[in-house]
Amino acid sequence: TEQAPSRLPEPRIAASVVPSTNSHLVIDSVTKTFGTQAVLKGVNLSVAKGGTTAIVGPSGSGKTTLLRLIAGFEHPETGTIELNRTLVAGDGEWVPAHKRHIGYVAQDGALFPHLTVGQNVAFGLDAAKLPNGRRAVGDRVSELLEMVSLDPAMARRRPHQLSGGQQQRVALARALAREPELMLLDEPFSALDAGLRVATRRAVAKVLNKAGVTTILVTHDQAEALSFADQVAVMRGGKLAQIGNPFVVYTRPADRATAEFLGDAV
Ligand code: ADP
């Protein structure tokens, strides 16, 4: 067999998790079955505080289900999920979604169509935590819109008056309003055309990075995974086939199926 170049680390197969004191999220041996279909078959994943992980893999491999379990929208069948070294699911523990300090942005953003942009963003705000009630809510909405590079004057518009990219930024501002510690992004840019996609991705990465928010991004887009993440996890058939830094995963895929998938994924 060929000798690996000495400077490259060996690909790390996700056989077990290696939690550290710096771990924000630790998923240990999580399984999930819908009806008779085993969708997650023992997932192990550790995400560092402030880190960015991209989850890539074919459609139907269980990526969205994994995010929904982390968010607290689903219960694991077996296995455990820890946030900040506190058990939030499994072993008889359950912390509900709204107490996990997690933001979630889905593919279509899913803004409330009957509310203005400002009301959508304010929906994620806890007015009780702000000093002067309504006035402070308006100020905070403006600030959040500016954070995602939108004109605060857009607050008065309705979602349908905005472009797809603008709507995704509003969805992100709404998620950021709750000051999440962990942001879950499920193919948030896939509905956008190529140019807008890159610009939106850069804006989002900048905001999350600056706020020090731990981020997990599900994506089909190799370039997106490479530019966004410091850890790439390859999902296949309900398991994580490989976890590593993007360079290692792309240059040294752990097996042929991963290599073929990554080769096809652009
Ligand atoms: P991915 O995000 O990788 O495309 P998903 O997690 O969305 O994969 O889906 C994995 C599998 O689980 C699919 O076969 C899907 O049909 C099934 N699935 C997901 N959610 C449910 C559900 N609530 N009920 C039944 N089956 C589901």
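Comparison of Gly62, Gly57, Gly109 shows that the only residue that is at pLDDT below 95 and within 15 Å of the ligand (Cβ to nearest atom) is Gly57.
For segment 190-232, the set of residues classified as under 12 Å from the mean Cα position of the chain (by Cα) and not in a strand (DSSP E or B) consists of Val204, Ala205, Leu208, Val213, Thr219, Ala225, Phe228, Ala229, listed by residue number.
Contact annotation: no residue pair with Cβ atoms under 9 Å, 6 or more positions apart or on different chains, pairs a residue in segment 31-57 that is free of Cβ contacts under 8 Å to residues at least 12 places away in the same chain and closer than 18 Å to Thr80 by Cβ with a partner that is more than 9 Å from the ligand (Cβ to nearest atom) and assigned to a strand (DSSP E or B). For segment 29-66, give me the residue count where each residue is of a type outside the set (Val, Ile, Thr) and either part of a loop (DSSP other than H, G, I, E, B) or at positive phi (or both). Counting residues in segment 29-66 that are of a type outside the set (Val, Ile, Thr) and either part of a loop (DSSP other than H, G, I, E, B) or at positive phi (or both) gives 12.
Scan Val204, Val198 and give me the residue that is closer than 20 Å to Leu125 by Cβ, more than 16 Å from the ligand (Cβ to nearest atom) and hydrophobic (A, V, I, L, M, F, W, C). Give the steps one after another, and end with the answer.
Numbers: Val198 fails: closer than 20 Å to Leu125 by Cβ.
Criteria check complete, one pass: Val204.
The values are calculated or read from the model by the stated rules, or taken from the named source; none is laboratory data. As the structure is a prediction and not an experimental result, all values here were calculated from the model. Because the Cβ atoms are built from the backbone with ideal geometry, glycine has one as well, and the counts that use them run over all protein chains shown.
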